[in-house]
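Notes follow the structure.
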Amino acid sequence: ALVGNEAVDQLEKFNQALRDFSGQSKPRHIDGIILTKFDTIDDRVGAALSMTYTTGQPIIFVGTGQTYTDLRKMNVSQVIRALLRV
């Protein structure tokens, strides 16, 4: 739970920094999320749900390994099936 809370806290601070330091009258915000180290579906899903809820933005890619080629498009149905063990 602490790791998830830290992740959400960092995301909120980063989003605020985008607003504060953009120098634009209509600053950009986070418009999508990439999760790394998402090779198993476990307690990190709670943090992921909190991130999407907090920002209102989708998780676009998840990292399943150590390189760029390990980035995969987020498959919501697969995550839900794994959570519900369907």
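Hey, which lysines would be in cross-link range of K37, C-alpha to C-alpha under 25 Å, not counting anything within fewer than 8 residues on its own chain?
K13, K73
Rounded to whole Hz and in sequence order, give me ³J(HN,Hα) for region 59-73 from the Karplus expression 6.51 cos²θ - 1.76 cosθ + 1.60, θ = phi - 60°, writing x for Gly and Pro.
7, 9, 10, 10, x, 10, x, 9, 10, 4, 5, 8, 7, 10, 5
Every read-out reported here was derived from the displayed coordinates using simple, explicitly stated rules and does not represent laboratory data. As the structure is a prediction and not an experimental result, all values here were calculated from the model.
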